[in-house]
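Undergrad: First the structure, then my questions, so here it is.
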Amino acid sequence: RLGTLVLVYSHSALNAMFIDNALGGVLLGLLVLMVLLPINWYWGHHMATPLARIAQRMDEILDHLPEHLEPELYNYRDELGQLFKAYNRMVKALREKALLEQGILSAERLAAVGRLTASIAHEINSPLAGMLTALDTLKQRGNLDQRTLHTLGLVERGLLQVSDTVAALLVEARQQKRSLSQQDLEDVKTLIQPAASKCNIQMDIDFDIPTSLAIAAGSLRQVLINLLNNAVQAAGNGGWVCCRVSVVDNELQIEVANNGDPIPVEQLQNLFEPFVSYREGGLGLGLWVTYQLVSQMAGRIEVCCEEQNIRFTVCIPIDEEAEAI
């Protein structure tokens, strides 16, 4: 043993040193946090937001097809970026599959309508020909009063309309064209009035056309009857139906409106497809036939739904050079 070393420290100096070191550590920690927290928040937000968005879109798959994710949402090539690309490829494949299924369904419906039409065309046309011949024979009698002749003309035009409609549904048939006259529109008004009166429908019909128009009368009559029948059924008891027929810019314009309930957006997409009906007891052929007839006349049909106002608009070009048959 050489000796004893005694170290003496001042408490005040030691405390001051400890406080300085502690403050330095705290300040350094705060400085590091000030730098790291914004970086961590940025990366966390940058990654959490896209993940939350893709999770939300995945939950929507059961209800409807989700939308694509925007590329700028996470435009990197890491694992998360690959996940985004895989999701967009999946959405694209699902949309292509939905379009293919819709096309197949439409093709099957059209094929069913074609088979149905072909099977009943002969059964309809044969008695129609007999009735038209009988009417023509009856009209040749000279002792018929004016009221009887008017009634026979109404029946004859109605039978010709049935014949033209059946012919229009057959792809291989060439439809015979008879020019549209004011009397055809008056016939439609006469035919639709009983159904409207039964339901207490307020009818507002205005026909403003020349004496004759180079438009297929049978097809146009059927289009107008289908739209007015649908309007009466949609308006309900005590409702109203408005119909305007006029010539605008060398086109025959038809507007049929009613105060029925608005058509949901998801139903509008399939409104003109065969065997699609959202009305109890409906067959789903009326609007499809209407669409086919308008297309054959090189026209267009649109529907606009507002609150208490459903409006169908049909525009058909007029062939001024055509000769009445």
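What follows is calculated from the coordinates using simple rules that are stated; it is not laboratory data. Since the structure is predicted, the reported quantities are computational estimates derived from the model, not experimental observations. Using ideal geometry, Cβ is built from the backbone for each residue, glycine included, and neighbour counts are taken over all protein chains shown.
Undergrad: Percent of Cα-Cα pairs more than 23 Å apart in region 178-325, please.
TA: 33
Undergrad: Please work out how much length the chain gains when fully extended from MET131 to LEU268, using 0.36 nm per residue of separation minus the C-alpha to C-alpha distance, in nm with one decimal.
TA: This chain segment gains 45.4 nm when fully extended.
Undergrad: Using the Cα gyration tensor of region 19-97, with a ≥ b ≥ c the square roots of its eigenvalues, what is the shape: rounded (a/c below 1.5), prolate (a/b larger than b/c) or oblate (neither)?
TA: Since a/c reaches 1.5 and a/b is larger than b/c, the shape of region 19-97 is classed as prolate.
Undergrad: Excluding residues on the same chain fewer than 8 positions from LYS189, give the lysines whose Cα lies under 26 Å from its Cα.
TA: LYS139, LYS177, LYS198
Undergrad: Could you list ARG95, ARG89 so that the one with the fewest beta carbons within 10 Å of its beta carbon is first and the one with the most is last?
TA: ARG89, ARG95
Undergrad: When the dipole is taken about the Cα centre of region 19-97, and only Lys, Arg (+1) and Asp, Glu (-1) are charged at their Cβ, what size is it in debye, to the nearest 20? Spell out each step's value before the answer.
TA: Details: 8 positive and 10 negative charges, 68 e Å.
Computed about the Cα centre, the dipole is about 320 debye.
Undergrad: Can you tell me the length gained on complete extension of the stretch ASP20 to ASP208, counting 0.36 nm per residue apart and subtracting the Cα distance?
TA: 57.8 nm
Undergrad: Could you pull out the GluC sites (Glu not before Pro) across region 1-73 that fall in loop regions by DSSP (anything but H, G, I, E, B) with no more than 14 other Cβ atoms inside 10 Å?
TA: GLU67
Undergrad: Given the options MET203, VAL256, VAL314, identify the residue whose Cα lies farthest towards the positive end of the charge dipole of region 178-325 (+1 on Cβ of Lys, Arg; -1 on Cβ of Asp, Glu).
TA: Result: MET203, furthest along the dipole toward the positive end.
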